[in-house]
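Below: one structure, written as structure tokens.
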């Protein structure tokens, strides 16, 4: 029982931290970049919103409620990253981190749904030998949440170093990081099977 729990949690952590699937990390970076440590509640809410969307789409896929074209999903994942990065470029330094529920929360939920659908096929294979799909799913979601909190902490820490030690303005920090993410996302969009 404990072995299964640890395996599923570790699987969720590795899913986020997988270097070959860095789209997840890119999204977390661009999601977190406008914030400081004192915004941790808001960041945690955003990250949990992602996990809810991701878990919901995995539940729907695991119980065969939805079946989405994988090519479309693989195209939409970098598009959602790009949308958030472009949003930050245009709102850098304008206090976007203080706005009420808006584009970031909806795009975060949408990205969670899309990313979950992108992982659904592999997740179904993971669950093929399990009796309780829901418990497996929740344990996996816990692993995802743990990994996301680690990434967010690293981004917040780097932001703190960049803005205090290296004297980047918050606006410049957001612009530079968002621009780098845009640069990394463009090849993902262009090379997707949907555009090939």
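Would a scan of segment 164-178 turn up a residue that is surrounded by fewer than 19 Cβ atoms within 10 Å (Cβ to Cβ), at positive phi and either free of Cβ contacts under 8 Å to residues at least 40 places away in the same chain or touching a helix residue (DSSP H, G or I) at 6+ places or on another chain (Cβ under 8 Å) (or both)?
Yes, that holds for at least one residue.
Could you list, ordered by first residue, the pairs with Cβ atoms under 8 Å in which the first is in segment 38-55 and in contact (Cβ under 8 Å) with a residue 24 or more places away in the chain and the second is surrounded by 19 or more Cβ atoms within 10 Å (Cβ to Cβ) and not in a helix (DSSP H, G or I), at least 6 apart or interchain?
42/35; 43/35
Can you go through 12, 53 and tell me which one is under 14 Å from the mean Cα position of the chain (by Cα) and closer than 15 Å to residue 126 by Cα?
Being under 14 Å from the mean Cα position of the chain (by Cα) and closer than 15 Å to residue 126 by Cα holds for just one of 12, 53, which is 12.
Looking at segment 20-35 only, could you name the residues that are over 17 Å from residue 116 (Cβ atoms) and modelled with pLDDT of 90 or more?
29, 30, 32, 33, 34, 35
Within segment 69-96, track down each residue that is more than 17 Å from residue 29 (Cβ to Cβ), surrounded by fewer than 17 Cβ atoms within 10 Å (Cβ to Cβ) and either within 12 Å of the chain's Cα centre (by Cα) or in contact (Cβ under 8 Å) with a residue 12 or more places away in the chain (or both).
Once the filter is applied, which keeps residues that are more than 17 Å from residue 29 (Cβ to Cβ), surrounded by fewer than 17 Cβ atoms within 10 Å (Cβ to Cβ) and either within 12 Å of the chain's Cα centre (by Cα) or in contact (Cβ under 8 Å) with a residue 12 or more places away in the chain (or both), segment 69-96 yields 70, 71, 72, 93.
In the list 81, 86, which residue meets the criterion of being closer than 23 Å to residue 117 by Cα and modelled with pLDDT of 90 or more? Write out each step before concluding.
Numbers: 86 fails: closer than 23 Å to residue 117 by Cα.
Every option except 81 fails the conditions.
The values are calculated or read from the model by the stated rules, or taken from the named source; none is laboratory data. Just so it is clear, the model here is predicted, and its values are computed rather than measured. Note that each Cβ is placed from the backbone with ideal geometry, even for glycine, and that neighbours are counted across all protein chains shown.
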